[in-house]
Amino acid sequence: MAKRKLRMGMVGGSLDAFIGAVHRRAANLDGEIELVCGAFSSSPEKSKATGESLCLDPTRVYGSYEEMIRKEKALPANQRMDFVSIVTPNHVHYGPAKMALENGFHVIIDKPLSFNLKEAKALEKLVQKTSLVFALTHTYTGYPLVKEAREMVRSGKIGKVRKVFVEYPQGWLSTFLEGSSNKQASWRTDPTRSGAGGAIGDIGTHAANLAEYITGADITEINAQLSIVVKGRKLDDDSSMLIRFDNGASGILMATQVAAGEENNLNIRVYGEKAGLTWRQEEPNTLEVKWLDKPKETIRAGWGYLSDVAKSNTRTPSGHPEGYLEAFANLYRNFSKAVHDHKPGKKIDASKYDFPDVHDGVKGMAFIEAAVKSSASNKKWTKIKY
């Protein structure tokens, strides 16, 4: 594909949605992508109003994703969208992703991949069949110092990984917020829209993915306890578990949305034979390295001593903070490179472009399924079946 701006279509992300606006800002940050069309809501009126606010051609603001995909495909190749960004609640992930792939469009989708594992596996088969580019927005893997941590593990600097502690405490669901008019709380705690997992699906999958990304190892078994703390809630809002990795390492994973006072305190500690690494999402430009036989190091974003992969995902000089939107934009930029390089019938290796793909999505859904199963079982230790 000749180098030009990629044309993006969006499913979901109306004016009163949270994550759609984040996707649009992230996609726009590097000037390589432009939003050209969208089906922003199941309400045609809300979709139209969103399109107007974004100054889109009204003829390319659609009342449904089916209409958008069908009409965009009918446009000349130099006008139609190149890919679809799907930013809907979980139960509306599978339909538009499936239809987009079947009609020749690349896909980038918010996590978790789908409503259940069955849908996830069906999408994986479709991606393999079509060889189209498919990305999943596990945002936190986009941070430069997360990538630096991964490179330190890959290079053997900290030795063989032995222990992992990953925590994701939030406090925003400490009360029965879904009983109010809060749209985010309403769908995220509804099993008909969110799926089998509440906090474990919403943020637990991020914690698991981060642990796997940095260590380069897969979580294979878990011993989980999922709880509903707030009275009247239908899905788990608190979870903790023991985890085992395929490289022999063990660890603890905690994900809760009832930790009063916490904002978005995702943090991880990875311990190898020679050193331990600590990274916090609320202080993303710092990576601590605690050595076995020498003083602790504090690594900062933006410096020349970083690995090439960390530097290539950094936009500002040291001391100029980068955060969530830049990390999100790194996923879009890397996805964009893969789309530009894509040739019909030829599979793209997402690992070479460094973005989460459909297989990461399948792993996430298998993780949710295993966590729910383990929590309900007396046996407890449960294998994750991909």
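We did not get these values from a lab; they are worked out from the coordinates using the rules stated. Because the structure is a prediction, the values reported are computed rather than measured. Positions of Cβ are backbone-derived with ideal geometry, glycine not excepted, and every protein chain shown enters the neighbour counts.
The table below lists the values:
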item: Estimated inter-spin distance, SER64 and LEU242, nm [label 7 Å along Cα→Cβ]; result: 5.0
item: Segment 51-110-segment 182-257 distance, computed between alpha-carbon centres (Å); result: 30
item: Listed peptides 22-31, 112-121 by packing density, highest first (mean Cβ within 10 Å); result: 112-121, 22-31
item: Pairwise Cα inverse-distance average, inverted: Kirkwood Rh of segment 140-192 (Å); result: 14.7
item: Rg ratio (alpha-carbon, reference 2.2 N^0.38 Å) - segment 99-207; result: 1.36
item: Phi-based couplings in Hz for segment 322-339 (Karplus 6.51, -1.76, 1.60; Gly and Pro marked x); result: 10, x, 4, 5, 5, 4, 4, 5, 4, 5, 5, 5, 5, 4, 4, 4, 5, 5
item: Mean shadow area of the chain, taken as a quarter of the surface of its Cα convex hull (nm²); result: 19.1
item: Sequence-distant aspartates and glutamates (8 or more away, or on other chains) whose Cα lies within less than 17 Å of LYS343; result: ASP82, GLU102
item: Pairwise FRET efficiency - LYS385 versus LYS160, Cβ, R0 = 25 Å, nearest 0.05; result: 0.45
item: Highest average packing first - 264-273, 375-384, 346-355, 143-152, Cβ atoms within 10 Å; result: 143-152, 264-273, 346-355, 375-384
item: Förster radius 25 Å - calculated FRET efficiency between SER180 and ALA376 (Cβ-Cβ, nearest 0.05); result: 0.25
item: Dipole of the chain, positive direction: furthest Cα of ILE33, ALA21, ALA120, with charges on the beta-carbon; result: ALA120
item: Dipole magnitude of segment 60-131, debye to nearest 20 (Cβ charges: Lys/Arg +1, Asp/Glu -1, about Cα centre); result: 140
item: Cα-centre dipole for the chain with unit charges at Cβ (Lys and Arg positive, Asp and Glu negative), debye to 20; result: 920
item: Integer Hz, Karplus 6.51/-1.76/1.60 couplings in order for segment 294-301, x for Gly and Pro; result: 7, x, 4, 10, 10, 9, 10, 5
item: Stokes-Einstein D for segment 9-155, Kirkwood Rh over Cα pairs, 20 °C, 1.002 mPa s (µm²/s); result: 134
